[in-house]
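The values are calculated or read from the model by the stated rules, or taken from the named source; none is laboratory data. Please read all numbers here as calculations on a predicted model, not as lab measurements. A quick note on method: Cβ atoms are made from the backbone with ideal geometry, for glycine too, and the neighbour counts reach across all protein chains shown. Remember, those area values only see protein heavy atoms, side chains included, never the ligands or the DNA or RNA. Shrake-Rupley method; radii C 1.70, N 1.55, O 1.52, S 1.80 Å.
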Amino acid sequence: RNINEITEGNAIMVTDVGQHQMVTCRYAKFNESRSNVTSGGLGTMGFGLPAAIGAKFGAQERTVISVIGDGGFQMTLQELGTIMQTGVDVKIVILNNQFLGMVRQWQDLFMDKRYSFVDIQSPDYIMLAKSYGIDGKKVAHRKDLVDAVKTMLTHQGSYLLEVMVGKEN
C-alpha cells in the first residue's frame, strides 16, 4: 500500500508466486495497463526478479518494483550479477517472513499443520546486494517503512529493501 501511494499507482509491480503476490495484487492500484506483471497461479518461485529486469528493459522510463518473498529471492539472487553488469535500475522489495509462506499456509490449512521444510534461513540480503554494488536497507519496524520506501524510490540505480514480516508460529 505504501509503495502504491508514493508512486501514485504509476509503477510496474512484478511478483512471483507466494503470499507477497497476493498482498501486492490486493493493495496495488494501477493507472496503466501492463503494470501488474505476475506469473499467475501456475508460475513458479523465482519469476519475480528476472521478470522485473525484463520489464525495466521494456519500459525504461517507468519505475519497476519487484516484490519477492525470501524463498523466491534465494532462487534467483544470482540475477544481482545481471543488474550489476547492465546497470539496470530495478527496485527490489523482499518480504521476509522466514518461511516459505505459501507452502506453510497450505500445510497449515490442508495438512493439519504437519509442517515440512518451510522454515528457511536467509543470508544477509543487504550485505549480499552491496557485494554486487547495489545499495539497500533492512526494515524491521512498521514505523520505519514509509521513509525506507521513499529512500528506495528516490535512489538512483537499483536498490534492495528487505522488509521483515511477522513470523507466525
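For segment 38-54, indicate whether the set of residues that are within 24 Å of Gly9 (Cα to Cα), touching a Cys at 6+ places or on another chain (Cβ under 8 Å) and among the β-branched types (Val, Ile, Thr) is non-empty.
Checked segment 38-54: at least one residue is within 24 Å of Gly9 (Cα to Cα), touching a Cys at 6+ places or on another chain (Cβ under 8 Å) and among the β-branched types (Val, Ile, Thr).
Out of the residues in segment 57-79 that are hydrophobic (A, V, I, L, M, F, W, C) and closer than 18 Å to Glu32 by Cα, state the one that is surrounded by the fewest Cβ atoms within 10 Å (Cβ to Cβ). Explain how you work it out, then say what you get.
Taking segment 57-79 and keeping what is hydrophobic (A, V, I, L, M, F, W, C), we get 57, 59, 64-65, 67-68, 73, 75, 77.
Subset that is closer than 18 Å to Glu32 by Cα: 57, 59, 64-65.
Working: Phe57: 12, Ala59: 15, Val64: 26, Ile65: 28.
Out of the qualifying residues, it is Phe57.
Which residue pairs have Cβ atoms under 8 Å apart, sit 6 or more places apart or on different chains, and have a first residue in segment 146-160 that is exposed (fewer than 14 other Cβ atoms within 10 Å of the Cβ) and a second that is part of a helix (DSSP H, G or I) and of a type outside the set (Lys, Arg)?
Short answer, once both residue conditions are applied: Lys150/Ile6.
Test Gly157 against the stated conditions and say whether it is modelled with pLDDT of 95 or more and in a loop (DSSP other than H, G, I, E, B). I'd like the intermediate steps shown before the answer.
Details: modelled with pLDDT of 95 or more: yes; in a loop (DSSP other than H, G, I, E, B): yes.
Taking the combined requirement at face value, the residue satisfies it.
Could you list, in sequence order, the residues of segment 10-50 that are open to solvent by less than 20 Å² (accessible area, probe 1.4 Å) and either closer than 21 Å to Met75 by Cα or modelled with pLDDT of 90 or more (or both)?
Within segment 10-50, Ala11, Ile12, Met13, Val14, Thr15, Asp16, Gly18, His20, Thr24, Gly46, Gly48, Leu49 qualify.
Is at least one residue of segment 123-137 part of a strand (DSSP E or B), exposed (fewer than 13 other Cβ atoms within 10 Å of the Cβ), modelled with pLDDT under 95 and not small (Gly, Ala, Ser)?
No, segment 123-137 contains no residue that is part of a strand (DSSP E or B), exposed (fewer than 13 other Cβ atoms within 10 Å of the Cβ), modelled with pLDDT under 95 and not small (Gly, Ala, Ser).
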